[in-house]
Amino acid sequence: MAEEIQVARFTEADIPFGKSLTDAEGWHRSFADWKRLIAISPYGMLKARIGDKDVGVAGLLWYDKVAWLHSVLVLKEARGQGIGRVILKNCVQRAQQLKVPCLKLDSVRGFESFYKSFGFVEEFESWRFLRTGEHFPVVAERIKPELLDKVLYFDQAMTGLNRSRSIKAIYEDAPELAFCIRAEAGLHGYILARKGEERIQIGPCVVDKANPECADRLITSLIGSKPDANFRMCVPGSNKAAVELARHLSFDSGISSTRMFLGLKFEESNACFSMMSPEKG
């Protein structure tokens, strides 16, 4: 008789196991990225166990109107036993308990049917763009701690979501990679980034819909501040202007995934020119 699949909370002690799974998939998620996920959503990460062995993970990060399902991974030698279904079901039930009306995720290509079996619907293509650094002029202003409240207010006004926990965590880890363009009474836009193992992950980048040209200045200022680095930027395919800008700035198209949702559809704002990451929205 097959042993029962158990689901438990994933804590900081489990990070080496989680990182071994993302390393095996080539996701380049650092220890700092894992710690940040737990800090943002302490009860959002789950792990699956069979007997005394950890065999899978999945995570849920929620804002007020949207929950993001992420990091659904099963140990390669343990696949085919229904582990993914069990742990995903737990995440969906958790989102329902929290009464979050919309659950979103980025599906790796080829796995859409797995999520469709839970009722998820395809929405749009989600892009990963890559490029090397360049000596662009740094024309945007660095975000100092006293400006952070303006960033949080601006982000919620533009996106319709309270993402303050995630924004604060990303900013605190790399304030030197945070830039903004000020308006008379607030902001026209801002950009954050975080350091990865092989490249700097750009995002979020959010601009006033009336001033989309600010996205160009923010992205080039960030790249220009670290001209010797490599960069990665996740761009929602629903924002055609963001995709065109990435290509105009000589980003190479990397891989793409499929944005999917379950529940009440939440239309993502075209003010977003770069996502925080596939796991944080």
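The values are calculated or read from the model by the stated rules, or taken from the named source; none is laboratory data. What you see is a predicted model; the values in this text were computed from it and never measured. Reconstructed Cβ throughout: ideal geometry from the backbone, glycine too, with neighbour counts over all protein chains shown.
Are any residues in the range 39-48 at pLDDT 95 or above and over 24 Å from Ser257 (Cα atoms), and if so, which ones? The one that is at pLDDT 95 or above and over 24 Å from Ser257 (Cα atoms): Ala48.
Summed over the range 248-281, the residues that are farther than 25 Å from Met45 by Cα and either without any contact (Cβ under 8 Å) to a residue 40 or more places away in the chain or small (Gly, Ala, Ser) (or both) give a count of 7. Can you confirm whether the range 66-76 contains a residue that is closer than 30 Å to Thr159 by Cβ, charged (D, E, K, R), touching a residue at least 24 places away in the same chain (Cβ under 8 Å) and not in a strand (DSSP E or B)? No, the range 66-76 has no match at all.
Among the conditions (1) at pLDDT 95 or above; (2) under 19 Å from Ile143 (Cα atoms); (3) not in a strand (DSSP E or B), Pro204 misses just one, which is (3). Apart from one condition, Ser250 fits all of (1) of a type in the set (Ser, Thr, Tyr); (2) crowded, with 16+ Cβ neighbours inside 10 Å; (3) more than 19 Å from the chain's Cα centre (by Cα); the exception is (2).
For residues that are of a type outside the set (S, T, N, Q) and over 12 Å from Tyr190 (Cα atoms), scanning just the range 264-275, find the one that is surrounded by the fewest Cβ atoms within 10 Å (Cβ to Cβ). Before the answer, list the steps.
To start, the set of residues in the range 264-275 that are of a type outside the set (S, T, N, Q) comprises 264-268, 271-273, 275.
Going one step further and asking which of them are over 12 Å from Tyr190 (Cα atoms), we end up with 264-268, 275.
Details: Leu264: 11, Lys265: 12, Phe266: 18, Glu267: 9, Glu268: 21, Met275: 27.
The qualifying residue surrounded by the fewest Cβ atoms within 10 Å (Cβ to Cβ) is Glu267.
If you check Tyr153 against the conditions, is it surrounded by fewer than 22 Cβ atoms within 10 Å (Cβ to Cβ), among the aromatic types (Phe, Trp, Tyr) and either assigned to a loop (DSSP other than H, G, I, E, B) or touching a residue at least 24 places away in the same chain (Cβ under 8 Å) (or both)? So Tyr153 passes the test.
When the range 227-246 is filtered for residues that are in contact (Cβ under 8 Å) with a residue 60 or more places away in the chain, surrounded by 16 or more Cβ atoms within 10 Å (Cβ to Cβ) and not in a helix (DSSP H, G or I), the ones remaining, listed by number, are Ala229, Phe231, Arg232, Met233, Cys234, Val235, Pro236, Gly237, Ser238. Check the range 204-226 and report whether any residue there is closer than 24 Å to Glu134 by Cα, crowded, with 24+ Cβ neighbours inside 10 Å and not aliphatic (A, V, I, L, M). Yes, the range 204-226 contains at least one residue that is closer than 24 Å to Glu134 by Cα, crowded, with 24+ Cβ neighbours inside 10 Å and not aliphatic (A, V, I, L, M). Does the range 247-281 hold any residues that are in a strand (DSSP E or B), of a type in the set (Gly, Ala, Ser) and at pLDDT 95 or above, and which are they? Within the range 247-281, Gly263, Ser274 meet the criteria. For the range 207-226, enumerate the residues that are in a loop (DSSP other than H, G, I, E, B) and either hydroxyl-bearing (Ser, Thr, Tyr) or within 18 Å of the chain's Cα centre (by Cα) (or both). Listed by number, the list is empty, since nothing qualifies.
Looking at Arg109, Arg36, Arg29, just one residue is part of a helix (DSSP H, G or I) and modelled with pLDDT under 95, and that residue is Arg36.
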